[in-house]
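Here is the structure we will look at.
The values are calculated or read from the model by the stated rules, or taken from the named source; none is laboratory data. Keep in mind it's a predicted model, so treat the numbers as computed, not measured. Heads up, the Cβs are rebuilt from the backbone with ideal geometry, glycines too, and the neighbour counts pull from every protein chain shown. Keep in mind that these areas ignore ligands, DNA and RNA; they rest on the heavy atoms of the full protein, side chains included. Shrake-Rupley method; radii C 1.70, N 1.55, O 1.52, S 1.80 Å.
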Amino acid sequence: MKLNERSLAFYATCDAPADNAGFLYKKGGRHAAYHRRWFVLRGNMLFYFEDAASREPVGVIILEGCTVELVEAAEEFAFAVRFAGARARTYVLAAESQAAMEGWVKALSRASFDYLRLVVRELEQQLAAVRAGGGPVPPRQPRALPPKENGCAVWSAETPVAPAPAGAAPSPRPGPEPPPLPPRRRASAPNGPLDSASFAQLHEWYGQEVRALRSQWLRSQAQP
């Protein structure tokens, strides 16, 4: 598939619901000044516009291979989107509130295909456990902010390394823990037991619940 400015502009302004949207302050690449921009997150693409009424984005950030972390900056509620590589650019952004900052950081850290691979792997393990007759694994407890390293809270899509058993040689230092995965629980199968359901059926059942929760969330956001 070929991408050009026209197709990107159409995707950025299409009627499909965005994963996240709102105003952020973006630090200029060559200057220290911050500029208020309207940001729209769709999939693994972060578009930014001059204002909310603009029909063409000023730019786009592809969120593959990035790390999102909190930083200390002139603007309050600042965070950075960093990429590996000596010449890779770091995007410093700032939200207008603590809640907005946490929402953006979580949304951006879950936008890459690396995180989707983790989710798919988790679902595959859950499906295998259900088919084997085992009980569901207790869900992870979500947390508002991740642990800090060198004074900076870090989100990353790297897979955490399990602790080594007693007496074993220590493993290499693991990378930062990824954002918490969705809670695991058994879905009620409308037409039969889960151990006889196909992946497509499971996908449809979970998808109905996700769509219902998303619609409920959108209605709550629309209320004053």
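Observations on the model:
- Computed on the Cα trace of region 7-107, the radius of gyration divided by the Kirkwood hydrodynamic radius gives Rg/Rh = 0.94.
- Within the accessible area of region 1-53 (1.4 Å probe), percent carbon and sulfur: 52
- Phi to ³J(HN,Hα) by Karplus 6.51 cos²θ - 1.76 cosθ + 1.60 over region 210-221, Hz, x for Gly, Pro: 5, 5, 5, 5, 5, 5, 4, 5, 5, 5, 5, 6
- Point-to-point label distance, A129-R30, nm (Cα→Cβ direction, 7 Å offset): 5.4
- Net length available on complete extension from L8 to R121 is 37.7 nm, with 0.36 nm assigned per residue and the Cα-Cα distance removed.
- In this structure Y48 has an accessible area near 30 Å², from a 1.4 Å probe over the protein heavy atoms.
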